[in-house]
Amino acid sequence: MRIFHISDLHLGMQLKNYDLYEDQNYVLNQVIQYIKDYQPDCLCIAGDVFDKQIPSLEAIKQYNEFISKIYQVKEDIVVLIISGNHDSGQRIDQYKDLLSHQNLYVNGSLPIQKVVLKDEYGPVNFYLFPFSRPSQIRPFLKEQHDSLSYDQAVHLYLEQLDVDDSQRNVLVSHQFYLPSEKELNSIERADSEVKTVGNIDVIYSDILRQYDYVALGHIHKPMTVKDSYIRYAGSPMAYSISEENQKKQMLMIDLKEKGTTEITSLPLHPLRQVRTITGYYQDVIQETSEDYVRIELLDDQDLNFIDMNEQIRIHYPHVLEITRNVHVDYDMDMDLDTTKIKDPFELICEFIPDMDEQDQKILQDIINEIGGLS
């Protein structure tokens, strides 16, 4: 069975107020061409289909056109879609039962949905696991728990699934998985991703070892989670400056007999690159580019801001930001008024006011643990 794996489309997203509709269509059309060329049996979209829970009409139109083109080039393909943390699970679930009769399976909310496909080697069991918080997972556990971390909740939930190890099994999930021996700060997370305080959303990947392939979404950088069969496809294009050097891709997985899995990276090329240009003002304006660029000027002397800004935007119509590499001297001997420093828990609650009671308890436990180590 041949499977395509993509994720984090973020349809409707803007990059520094630039509409990405044309850029996203350019990349999605490459996905369509790959489907036409390689004829996969199945396409997995591992969450964050839209950038917002209430997507724009233009984003919904783009999604509908993309799905329609998929079936135009391959009528019998099976498409499997889960919701991500940017999506509305209820919106993804619209017409869920009706769509399943058209080989389009969507799962925006728990419980995990199992879809069974077959080839010459027998059944392949797909488990569709949408983005879920511990509070959303708890009602589906066989035993009740008052307080669970992301890691504990997902481990308990996946452990109670009746997965037949003698058959081939594929998990499609949108969460932050990490090898248990990895340091949290060693994983590069893009600026365009939603991050949690203290990375409390981390889930250790040992629970994924029972699957023949794990199609992940959530991390925008293409990466392997320790084992080659546990993969983040990454976003199909760069959605922030922090992604400027990443090579974007779609993954092609050939599942043969049990224990034989071949994985191929299919490159995706952007309409416009996201990149940084560093140099002196007079040198920078000697060139022109349609790319999304961050301009870093090296000039020490004062520049006429209005004229500089206007000239740069003439040469770079998709400029994201302009910064100056100017040295500033700081008074390192100044006194700090420490009486105004608030409690860490209070500060974080002010910064993230919509945390539920479960998240606040986890946060307090982390602060207490760090305080005990210091």
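Quick one: if the Förster radius is 30 Å, what FRET efficiency do ASN309 and LEU271 give, using the C-beta to C-beta distance and rounding to 0.05?
Numbers: r = 25 Å, r/R0 = 0.82.
The computed FRET efficiency comes out at 0.75.
Residue order for LEU271, LEU178, fewest other beta carbons within 10 angstrom first, comes to LEU271, LEU178. Take the Cα of ARG91, step 7 Å along the line toward its Cβ, and report every residue of the stretch 109-124 whose backbone nitrogen sits under 18 Å from that point. Counting backbone N atoms under 18 Å from the label point, the list is 109-110. Here the spin labels are modelled as points 7 Å beyond Cα on the Cα-Cβ line, and at GLN102 and GLN167 they lie 2.7 nm apart. For the stretch 2-46, the set of trypsin sites (Lys or Arg not before Pro) satisfying both a DSSP loop assignment and a count of at most 15 other C-beta atoms within 10 Å is given as LYS16. Our note on the geometry: Cα centres of the stretch 1-40 and the stretch 71-99, 15 Å apart.
Rounded to the nearest 0.05, what FRET efficiency do LEU110 and LYS16 have when you use their Cβ-Cβ distance and R0 = 35 Å?
0.50
Do the alpha carbons of any pairs in LYS36/LYS226; LYS52/LYS118; LYS226/LYS247 sit beyond 28 Å of each other, and which pairs?
Details: LYS36/LYS226 31 Å; LYS52/LYS118 35 Å; LYS226/LYS247 19 Å.
In this structure, LYS36/LYS226; LYS52/LYS118 lie more than 28 Å apart at Cα.
Label reach from GLU244 (point 7 Å along Cα→C-beta): in the stretch 280-310, amide nitrogens under 18 Å belong to 280-299, 309. By DSSP, the beta bridges lying fully in the chain are antiparallel in about 35 percent of cases. Which one, (i) 178; (ii) 158; (iii) 127, gives volume of the Cα convex hull per residue in Å³ as derived from the coordinates shown? It is the value labelled (i).
FYI, it's all coordinate maths here, none of it is from the lab. Not measured: the values here are computed from a predicted model. Note that we place each Cβ from the backbone using ideal geometry, even for glycine, and neighbour counts take in every protein chain shown.
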